[in-house]
1. What are the pairs with Cβ atoms under 8 angstrom where one residue, in the range 251-273, is farther than 18 Å from A428 by Cα and touching a residue at least 24 places away in the same chain (Cβ under 8 Å) and the other, located anywhere, is aliphatic (A, V, I, L, M) and not in a helix (DSSP H, G or I)? Sequence gap at least six, or different chains.
2. Among the residues of the range 251-270, is any assigned to a helix (DSSP H, G or I) and touching a strand residue (DSSP E or B) at 6+ places or on another chain (Cβ under 8 Å)?
3. Among the residues of the range 50-78 satisfying the criterion of being surrounded by 14 or more Cβ atoms within 10 Å (Cβ to Cβ), polar (S, T, N, Q) and outside any helix (DSSP H, G or I), which is modelled with the highest pLDDT?
4. Of everything in the range 231-260 that's β-branched (V, I, T) and modelled with pLDDT of 85 or more, which residue is surrounded by the fewest Cβ atoms within 10 Å (Cβ to Cβ)?
5. Count, please, the residues in the range 1-49 that happen to be assigned to a loop (DSSP other than H, G, I, E, B) and among the β-branched types (V, I, T).
6. What single numbered condition from (1) free of Cβ contacts under 8 Å to residues at least 40 places away in the same chain; (2) under 24 Å from V310 (Cβ atoms) fails to hold for V98?
7. Tell me, which residue of the range 79-103 that is at negative phi and in a loop (DSSP other than H, G, I, E, B) is modelled with the highest pLDDT?
8. Mind checking which residues of the range 261-271 are more than 33 Å from the chain's Cα centre (by Cα) and either surrounded by 13 or more Cβ atoms within 10 Å (Cβ to Cβ) or outside the structural domain of R425 (by TED's automatic domain parsing) (or both)?
Amino acid sequence: MQYREPPTNPEAERAVLGALLSNRDAIVMVAPWLTADLFWQEKHGQIYAAIAHLYAERTPPDLRTVADELRRRDQLETIGGTAYLSDLTDATPTSYHVEYYAREVERCAVLRQLISAGGKIAGMGYDDSQTTDAALGSAQQALAAIQLRTTKTGLVPMEQLIDREYARLEQVTNSGATQAGTPTGYRDFDELTGGLQDQDMLVLAARPSVGKSALMAGLAEGVSQSRDALIFSLEMSAESLTQRLISSRSRVDSARIRTLRMGEADAGGFMRALSGLAPVPMFIDDTPAVSVQYIRNTAYRHIAAHGRPVVLFVDYLQLLTAPGYKLDNRVQIVGDVSRNLKGLAKELRCPVVVLAQLSRAVEGRASHIPMLSDLRESGEIEQHADIVMFIYREELYDPNTDKKGIAELHIAKHRNGPIGVVPLRFDAATTTFSNLTWRTPEGYDYDHANND
């Protein structure tokens, strides 16, 4: 019989340990369920046991304290000394995804336990001394032991939750940030919401051709100052979305960008936009008709490859597929998709911004300002979303309005904060949303509006 290597992932084991050594607060995320016996390499299990012991004793686990603990256990030289501990920290780009790597360590351990249990169960099958009931009972116990060992519990002690809050406070304080969320660059929006919050699903909705994709592109470019922006564009091609970004940054009319009919001044701005956008950490996937599972798998692969925090953008919700449902059952499909997107935000611990279409009811009312009931095809969108926001442009309905060039972002639902209206400038030629800088106590004045 050909020998097969047991399932292992040494890279994930090293990434977990490196993350824990480089960020003493990262242990909070994995301590409740990750144990030393899950590591395949013995020295990795010894290092983690030392980290877990220090955490239990309320001693911050870092390079020095872990080395001291291993020395006390006479294991420091066995694991490779302080040099190996330093190598672990140097090889780990970020501690942000420590839980993802730890789950991979757990997955491999579970597979090894299944292989071991399978061997034992096979041996029981050859044991004529046992009755059928006894053999089945022993087999069930072997599998149950694995299930009990790996079943996640939803109960988190208050002590651990408080530790997480301390860690969050320290992270924001040390970074010098003015808010806990990821800034978008839209000043009034960040002021109202505190930025994009991890584990939140945000729904951005409007009628067609109002500017959903344009505002999404602006948000993505804003968050890319601190995180990777992953855009799943189910409707618009990657090339079209890129051209919008170029138009926005260069302030060159989008029609000229598409046709490449530009004068010398426009061509200069175009070239500067190309060089300026090239290094921006934005990634576009324009595969049509994908599922939430596809987005999940793609995001995980990106995180594993780059090791940086992300924000997901999906354009748009009603185009996502949900395998297992009949195509004519749109309400159930949209409800399932929105539920899974919220679950994905919690699983990846990142913001997920989802675009959505509104029903035609907006057009038939005297007031064309969208309402929550206008969300198309499912009330579950509103239920699952942490923030629901609508784009409203009065100039689309009233050609004589004094608010030409002004858009309003109506925050209609905010699970953890206030609702309100965020004024923005909108440049139709470049399909760009930008900050509206001139404000008075009564509102805003378009005549004095300028970009920051």
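1. Every condition considered, the pairs that remain are A273/V252.
2. There is no residue in the range 251-270 that is assigned to a helix (DSSP H, G or I) and touching a strand residue (DSSP E or B) at 6+ places or on another chain (Cβ under 8 Å).
3. In this case the residue turns out to be Q75.
4. Result: T242.
5. Within the range 1-49, residues that are assigned to a loop (DSSP other than H, G, I, E, B) and among the β-branched types (V, I, T) number 2.
6. V98 satisfies all of (1) free of Cβ contacts under 8 Å to residues at least 40 places away in the same chain; (2) under 24 Å from V310 (Cβ atoms) except (1).
7. I79
8. Residues of the range 261-271 more than 33 Å from the chain's Cα centre (by Cα): 261-268.
Those that are more than 33 Å from the chain's Cα centre (by Cα) and either surrounded by 13 or more Cβ atoms within 10 Å (Cβ to Cβ) or outside the structural domain of R425 (by TED's automatic domain parsing) (or both): M262, D266, A267, G268.
The values are calculated or read from the model by the stated rules, or taken from the named source; none is laboratory data. These numbers were taken from a predicted model, which means no experiment stands behind them. Every residue, glycine among them, receives a Cβ derived from its backbone with ideal geometry; neighbour counts consider all protein chains shown.
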